[in-house]
Amino acid sequence: MTEQNDTVAAGAARRGASRRAFVSASAGLAGGLVAGRAAAASLADVPPRGPGDPLGARSERSQHVALARIPEAGPGIRNVDWSQAINSKTPLDKLVGTITPSDLHYERSHSGVPDLDPAQHRLLVHGSVKKPLVFSVADLERMPSVSRVAFIECTGNGWENWNSADPTLTVQNTHGLVSTNEWTGVPLSFLIGLVGVDPSAHWMLAEGGDGAGVDRSIPLTDEILQEAFVAYGQNGEPLRPAHGYPMRLILPGLEGNLHIKWLRRLQFGDRPWMTRWETARYTQLRPDGKATQFQLRMEANSVITSPSGMMEIKPGAHRITGLAWSGHGKVAKVEVSTDGARSWTEAELSGPALPKAQTRFQIAWEWDGQPTKIVSRATDQRGNVQPDRRSFIAATGTNALFHCNAQQTWNVDKAGRVTNVLDQGGDACRRHRGRIGCPGSG
């Protein structure tokens, strides 16, 4: 009994020491973060309490919060009127956590957003099947459902930095074509079971109901059969029209243009259909002049969102934070360098890393006021490491435009101004001219 009491007492002592160390470290961090600001002894200067606004039909953002997407008409074609835009980019620098608000999820449309009546919209499933079927939205909502947090990324994300670096770019400019939502819908495998897909069918054509008639050939790999689903829900509500209402395809980890919005047809067959979207549009030009087709997976990627482009900082304590993601699965670790990639420190991942979803990372940093560069690199669960720019260019050449996952470097000058810079071989990238078609779906 005495031995047990001694063990318990020792454990309590260790926990007490650990807690004291934690409190001491937290106090030191807090002191650094509020350095230069007066400590308040009371709430005397806080405005008095009073009655607020009445309840409403929905909760609006505070008048003190300004969040908005920005338009883009192609690589380097910014500050355009919304009528000319082909993309709208998510304000990554102003978001917290990992889930993108539905109205701020990046948007890509080839012919505008159709206004579809869910009572009339239908999904045809046919081709090499035993029993072709047509489903309404109500039919899907009665079927077994799944909910999954997953990112969608336009393959053109990062194309701004195929050019020489524009120092006026923000992270919204460079990386705003990726977003993460919780999607809800019917597993593709369930629909396949209903129609009885022929074993010889190794491909599926997914077609949208937009004016452009976007359609893509999708290989029926084991991974896709297990993970793909037809979504009708987004962040706990019906899909927003810009993101596919009333139904869209979700293919976790694969490029955005495969997540066909306004889905109206799934056709099964034994070979790809070679539509114009996968011949003239969604191909990757290689250094030898040939083109790669069906480069479907999004690779390990990360970006520091704060401090980032066009921000200003002062010497002292800071918290570097950003987002990491990979189409191969979970993010295993993120490393941050505050000395231009000469040395690296492993960052803290905020919460559990979900497969094929964005993960937030953070690290404490004491800036001494000297010019430097900050950069992050992600490693996923399969060991894929986000490449530096020199390695990325060596592998892809300068003819390519899509699937850029090179490390993003931010320059910090002596005045604390943070700007976009192409480090590690960036000058080798030629400017792409006349390439204005973004390949992604949002």
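Here, each number is a calculation from the coordinates, and none is a lab measurement. Just so it is clear, the model here is predicted, and its values are computed rather than measured. For neighbour counting, all protein chains shown are included, and Cβ atoms are generated from backbone atoms with ideal geometry for every residue, glycine included.
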Point to revise | Reachable aspartates and glutamates, given that their alpha-carbon falls under 13 Å from the alpha-carbon of residue 131 and they are not under 8 places away in the same chain | key: 198
Check your understanding: Around residue 247, which amide H atoms from residues at least 5 apart in sequence, or from another chain, sit under 5 Å from its own amide H, with H modelled in the peptide plane?
Key -> 262, 263
Check your understanding: Of 84, 267, 362, which is the most mobile in a GNM of the chain whose springs link Cα atoms less than 10 angstrom apart?
Key -> 84
Review point. What relative contact order, as a whole-number percentage, does the stretch 185-294 give when Cα pairs under 8 Å and 6 or more residues apart are counted?
Key: 30
Check your understanding: What ranking do 109-116, 183-190, 222-229 get when scored by the average of other Cβ atoms within 10 Å per residue, highest first?
Key -> 183-190, 222-229, 109-116
Exercise for review: About the Cα centre of the chain, how large is the charge dipole given +1 on each Lys and Arg Cβ and -1 on each Asp and Glu Cβ? Please answer in debye to the nearest 20.
Suggested key: 300
Practice item. Largest first and to the nearest Å, give the Cα extent of the chain along each principal axis. Key: 71, 62, 56
Practice item. Could you please state, rounded to a whole Å, how far the C-alpha centre of the stretch 65-136 is from the C-alpha centre of the stretch 271-289? Key: 22
Exercise for review: Please turn the phi angles of the stretch 242-248 into ³J(HN,Hα) values with the Karplus equation 6.51 cos²θ - 1.76 cosθ + 1.60 (θ = phi - 60°), one per residue in order, whole Hz, x for glycine and proline.
Suggested key: 5, 10, x, 3, x, 7, 8
Review point. Once both labels are modelled 7 Å past Cα along the beta-carbon direction, what's the residue 41-residue 290 spacing in nm?
Key: 7.8
Review point. Whole-Hz Karplus ³J(HN,Hα) for the stretch 219-224, in order, using 6.51 cos²θ - 1.76 cosθ + 1.60 and θ = phi - 60°, x for Gly and Pro?
Key: x, 8, 6, 4, 4, 5
**Study point:** Expected 222 nm ellipticity per residue - DSSP helices of 4 or more, -39500 (n - 2.57), all of the chain, to 500
**Key:** -4500 deg cm²/dmol
Point to revise | Qualifying trypsin sites (Lys or Arg not before Pro) in the stretch 293-354, DSSP loop, other Cβ atoms within 10 Å at most 16 | key: 342
Practice item. Please give the contour-minus-distance gain from residue 62 to residue 394: 0.36 nm per residue of separation, less the Cα-Cα distance, rounded to one decimal in nm. Key: 114.8 nm
Study note, to complete from the structure: Pairs over 27 Å Cα to Cα, from 94/356; 261/333; 89/290; 130/356; 261/356; 94/333, come to 261/333; 89/290; 130/356
Point to revise | Cα→Cβ-extended label distance, 7 Å offset, between residue 124 and residue 81, nm | key: 3.8
